[in-house]
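Have a look at the structure below before the remarks.
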Amino acid sequence: MGPENPPSADANANPRRIDVHHHMLPPEYASLTRDRILEITSGDTTVLKWTPDVTLEQMEQFGVASSILSLPVPGAWYEGKENSRKLARIANEYGARLSKDYPGRFGMFAALPLPDVDGSLAEIEYAFDSLGADGAYLQTSYDDKWPGDPAFAAVFDELNRRKAIVFVHPTEPCCCANLIPGIPSNVIEFVFDTTRAITSFLVNGTFSRCPEIRFIFCHSGGTMPVLAARIHGFFQARSALASRVPNGVLYELKKLNYDIANATNNSSLAALLNLVPTTQILWGSDFPYRAVGPTANGWDNYQISPEIKRAVNRENALKLFPRFAGASGKK
Ligand SMILES: [Zn+2]
């Protein structure tokens, strides 16, 4: 507990949350990817009405001091290499402009045009060195590959060299679109794809090869916390995999960071809290894809100590993003 977060008896005190899962829809990006965005939302156009003012109003209402902005699905990978490089650049320059125009209120995870490795390496250099990105935004799968795939190793090696924060957002994997009629992919497939992505990093040795990357996964880890022991057991039974995770599966899973967006219910939080130290848990909202209220109220009402609530609302994120220490948000 730092001096900027003194104990308070006032339950209504502004929690000054740091939201690590908050989407932006840059107008030019949204118009170029409109068809895919609407496919994901099953035709609901609400997210297309997003503006910085809409986001700031929600941040005020729910005590969010700072939001690290990122693209929504489909991210920067859409309709081929050249178009994707262009989308990443549009998004990153827009996010950097908001970060500059609203100091302390907004940060940015840089979009990368993965699976285009050369384009991603070039965009990492530009976004980190020229735009001051707070981290990188990646997705849980790209076409038929999950992100630990050896084809992407150069990108993670570079992010490791930079000790980058890497926000891994779920998406609909190619294998599993429209599996169950009437159930959109973001209900089930997104959270299973988080587990696939983490398993892909484990089996390819990415976590142990790139120990300086600070990973953030979404939605209280998706389905991973309840499958962790099963995955751990598989690796233990295969001695050939020992070199990929020399410190063990559970060591790596406990090192990752997890946001709690749209997953502040008892069963999701219980599974996550039984797996990882509370230092690894971050606050996120998933706005405008989800209303902020349910996550905020779910967390504020969850039966856990005020110290842990403060850590998740703000202090854990400050260790990753110290530049937001001065941002208080208005209230
Ligand atoms: Zn999201």
Exercise. Conditions: (1) more than 15 Å from the ligand (Cβ to nearest atom); (2) at negative phi. Gly80 meets all but one. Number of the miss?
Worked result: (2)
Problem set entry | Selected residue (only one of Gly107, Gly95 is crowded, with 16+ Cβ neighbours inside 10 Å and in a strand (DSSP E or B)) | Gly107
For this session: Among the helices (runs of 4 or more DSSP H) lying completely within the range 240-331, list those that include at least 3 residues that are under 14 Å from Pro15 (Cα atoms).
Result: 292-301, 306-310, 316-320
Exercise. Between a first residue in the range 134-152 that is under 27 Å from Ala317 (Cβ atoms) and a second residue that is part of a strand (DSSP E or B) and hydroxyl-bearing (Ser, Thr, Tyr), which pairs have beta carbons less than 6 Å apart while being 6 or more apart in sequence or on different chains?
Worked result: Tyr137/Ser70
Exercise. If you take the residues of the range 30-40 that are touching a residue at least 40 places away in the same chain (Cβ under 8 Å) and open to solvent by 30 Å² or more (accessible area, probe 1.4 Å), which of them is farthest from Pro72 (Cα to Cα)?
Worked result: Leu32
Exercise. Does Thr33 qualify as being among the polar types (S, T, N, Q) and under 19 Å from the mean Cα position of the chain (by Cα)?
Worked result: no
Problem set entry | Answer from Ser185, Ser200, Ser220, Ser208 - the residue that is of a type in the set (Ser, Thr, Tyr) and part of a loop (DSSP other than H, G, I, E, B) | Ser185
For this session: Within the range 278-286, identify whether any single residue is among the aromatic types (Phe, Trp, Tyr) and either closer than 28 Å to Met24 by Cα or within 16 Å of the ligand (Cβ to nearest atom) (or both), and answer yes or no.
Result: yes
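The values are calculated or read from the model by the stated rules, or taken from the named source; none is laboratory data. Because the structure is a prediction, the values reported are computed rather than measured. Note that each Cβ is placed from the backbone with ideal geometry, even for glycine, and that neighbours are counted across all protein chains shown. Heads up: the accessible areas ignore ligands, DNA and RNA and are worked out on the full protein's heavy atoms, side chains in. Shrake-Rupley method; radii C 1.70, N 1.55, O 1.52, S 1.80 Å.
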